Structure formats: structure tokens, C-alpha cells
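The values are calculated or read from the model by the stated rules, or taken from the named source; none is laboratory data. Everything numeric in this text was worked out from a predicted model, so none of it was measured. Here the Cβ positions follow ideal geometry from the backbone for every residue, glycine too, while neighbour counts run over all protein chains shown. For accessibility, only protein heavy atoms count, side chains too; no ligands or nucleic acids. Shrake-Rupley method; radii C 1.70, N 1.55, O 1.52, S 1.80 Å.
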Amino acid sequence: MPTSLPIRTVISPGRYVQGPGAITRLGEFLAPIGSKPLIVADDVVWGFVGHDVEASLTAAGLPVRREKFNGIPSAGEIDRLVAVIADANADVVVAVGGGSTIDAVKSSGFLAGIRWVTVPSVASTDAPTSALAVIYTEDGAFEEYRFFPRNPDLVLVDSQLVANAPAAFLAAGVGDALATWLEARATSRSNSNTMAGGLPTETGTALARLSWDVLWENALPALDAVRDHVVTPAVEKVIEANTLLSGLGFESGGLAAAHAIHNGLTAAPQTHGLAHGQKVNIGSITQLVLEGAPTADIRDFIEFTTRVGLPTTLTEIGLDADSAELDQVAELATVPGETIHAMPFEVRPVEVVAALKSIERLARRVRTEAKLPEPVAYVAHH
Ligand SMILES: [Zn+2]
């Protein structure tokens, strides 16, 4: 049978659970999936949730074994975790933490041949629900995407835990999730394959759009609530948009220029300390410019994401508009196989450089007219 027959497909995690205090019910949802879990968490996250995770697993009759995550989802760290899984004879591996922990756990669970579960401690990326991981070199540059035959069996988000984290994490997640609609829209227009391994469905594209609508309506009040560490309906909606809607939307709706430009930005070492969603936001603005989007749309996007607290200028991410670094960024963003080739027109490095360069003056003008502060370089936040 020819393998080139076009299909449309949607993939998703087995179960999604979200709510304040949800982590105290982890054992109950984990027990049907495995009887020998290995928990992977860094020391900071474990300090916050270790007690609740232990109590919950014990109440469900599950043993508790925790392995420390070392910070970067690199090939070496993943192989180390595979060995730990074998040593523990675990049948399910559980990531408790941010996107890096989650990507390392998905990769190691797949290589070890067991099931995997994600418990994001922040809503800063849409990594928790997907069947892929982004692998970095030991010094933090983008290396590759790894694709797995299935999504996590369970994604469990404790919204109080998310609200307890600094608001900058939620803001970064908004940046990642806003890109989802821009990229799904481009993928739908070009009828390109998505990360799910087929053409986009109405479902994947619609969920990406819903994520966008929910965020424009709720992101600013949700960020204010999280500054007081309280969970409101707006916070719940933004967590769901950042995690589930954006996760399903990017994976089954498709990635395009914004994420390719994010990956390209990792060629500039000064961006390594920035959050994924912060770099993605520069990618979104660049994509809008590449598309020749209506000026009002670009303006609104720059103004809104500046208010969210995301970078909208090169200055903020430590890049100089005249630097040769922009060439390296553009080369890396357009390598064969990158998702930028899902755009409905051909994109070459020269066009990426021009678009990137242009956003500095453009965003400064928008910010001045909207009476928003002058851009200053971000202090790395991770
Ligand atoms: Zn992303």
C-alpha cells in the first residue's frame, strides 16, 4: 500500500486532569496506569510538592521512588534516566516539573519501553500533553525533535501549584500558546503535515483558535490573580489554554514559522536563559511580519503581548538588529525539515533576517504610541 496516501489525524493524552489541589489525587489517577512509578523532579519542585506526592501515592498503595532531574533534556540526561528506570524496575515514569523535566521523562519512558505521565508545576509551555520532546545540547542549543508513538497516559495540573509560581511562568506559557493559532492557521492554509503525522483536522485547527480566544479574554486578569497567588476562573481558563488547548492545537494543528524562529534563536547563546515562550513570542511577531499580516493585527499583537510581559523587541532578548548573529538565527530557522517550511509560501534566510530586523523599530513605535515602557534587556529567568 502506498505510504503517501494523505490522512488527517488528531492525537491526545489519555486523560487530562486540572484543579486546585489536584496533586493530592495523583495516586488515584496513577494507580490504573502502573504499580511501580518512578517520579522525576528537580530539588526545587520536590521541595514544594514532595510531601503531597508521597502522601497521595502511599494512600493509593503505590511505592514512592524519586529521581532528581539535572536540568537539561539532553541525550546524556535521557540515557541516564533510562538506566534509573531499569534499576527501579519501574512500569511508569512521572515527570513533576517544567517543560525540561517533562521532555526528558517522555524521552526516557519511551526508550525504556514503559508508560509516562506528566505533572506540570507551571503552565509555561504546551509540552505536557504532546507526544514529542525537544532535545537540547548540554549547553542549551536546540538539537532535535523526538517523536513518540503515543502521548502521556495522564496529564495532571494542580492549578494552585501553578498560581503559586512566579507570574512570569504563566506569561511565558501565554507566549507559547498564542503562537499555536498563528502557526495552525498557516499550516491549515498550506495544508501541510502537522506534528501528529498527517494533515490538519478541523478539530486541531479549531482548538488552536479557541486557545487564542481564551487568552485574549483572560490572560491579563489571570496574570494579576497569579501575582496574588490566587486561583480564579480566569486562571483556570489560561492554564487550560496554555497546557491542553495549545498542546492539542500545536500538535494536531501544526507548527510553522514562530517555533522555527524560536529554534533558530537558540543559535544566539545569550537567549539560552530565556523561557521557551518568551523566545516563541519573538517568533510569532516575526511570522506575522513574514506573512504581511494587516498592520492593525501586528500592532495589536505587539501591544497585547507587551502588556502580558513578553519580549516584543530584539533588545529584550539580547540581540542587536545589526549583528551577524541574525544570519545564524535565520540559517538555523530554515534548515530542511524545519516547520517554517509549513508556511504557505517559501521562506528563505534573507527574508527571516529582514523580518527579524524590522520588529525592533516596529515594536518600539507601537510601544511608544501605546504609552508602554521602553524595552530593556531581560534578566534571564528559569
Ligand atoms: Zn512551544
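Got at least one residue in the range 29-44 being modelled with pLDDT of 95 or more, open to solvent by 20 Å² or more (accessible area, probe 1.4 Å) and within 21 Å of the chain's Cα centre (by Cα)?
Yes, that holds for at least one residue.
Considering only residues that are of a type in the set (S, T, N, Q) and away from the ligand (no atom under 16 Å from the Cβ), look in the range 273-324 and name the one that is farthest from GLU346 (Cα to Cα).
So the residue we want is THR306.
State yes or no: is ASN191 at positive phi and not small (Gly, Ala, Ser)?
So ASN191 fits the description; yes.
Please pick out the residue among ILE102, ILE135 that is closer than 20 Å to ILE23 by Cα, of a type outside the set (Ser, Thr, Tyr) and in contact with a strand residue (DSSP E or B) (Cβ under 9 Å, 6 or more places away or on another chain).
ILE102 is the lone residue from the list that is closer than 20 Å to ILE23 by Cα, of a type outside the set (Ser, Thr, Tyr) and in contact with a strand residue (DSSP E or B) (Cβ under 9 Å, 6 or more places away or on another chain).
Are there helices (runs of 4 or more DSSP H) fully within the range 198-258 with at least 1 residues that are more than 14 Å from the ligand (Cβ to nearest atom) and touching a Phe, Trp or Tyr at 6+ places or on another chain (Cβ under 9 Å)? List them.
202-227, 233-240
If I ask for residues that are away from the ligand (no atom under 12 Å from the Cβ) and surrounded by 24 or more Cβ atoms within 10 Å (Cβ to Cβ), which ones from the range 113-139 would you list?
Across the range 113-139, the qualifying residues are TRP116, VAL117, THR118, VAL119, PRO120, SER121, VAL122, ALA123.
Of the conditions (1) part of a helix (DSSP H, G or I); (2) more than 16 Å from the ligand (Cβ to nearest atom); (3) open to solvent by 10 Å² or more (accessible area, probe 1.4 Å); (4) in contact with a helix residue (DSSP H, G or I) (Cβ under 7 Å, 6 or more places away or on another chain), GLN270 fails just one. Which one is it?
Failing condition for GLN270: (4).
For the range 73-93, indicate whether the set of residues that are under 30 Å from LEU215 (Cα atoms) and among the hydrophobic types (A, V, I, L, M, F, W, C) is non-empty.
Within the range 73-93, not a single residue is under 30 Å from LEU215 (Cα atoms) and among the hydrophobic types (A, V, I, L, M, F, W, C).
Among the residues of the range 332-382 satisfying the criterion of being of a type in the set (S, T, N, Q) and assigned to a helix (DSSP H, G or I), which is surrounded by the fewest Cβ atoms within 10 Å (Cβ to Cβ)?
Residue satisfying both the conditions and the ranking: THR368.
What single numbered condition from (1) part of a helix (DSSP H, G or I); (2) under 14 Å from LEU30 (Cβ atoms) fails to hold for VAL93?
(1)
Out of the range 1-52, which residues are touching a Gly at 6+ places or on another chain (Cβ under 7 Å) and closer than 11 Å to VAL96 by Cβ?
ALA41, ASP42, VAL45
If a residue has to be within 12 Å of the ligand (Cβ to nearest atom) and at pLDDT 95 or above to count, how many in the range 183-197 make the cut?
Total satisfying the criteria: 1.
Residues in the range 293-331 that are open to solvent by 20 Å² or more (accessible area, probe 1.4 Å), out of contact with any helix residue (DSSP H, G or I) (no Cβ under 6 Å at 6 or more places or on another chain) and within 16 Å of HIS272 (Cα to Cα): how many?
4
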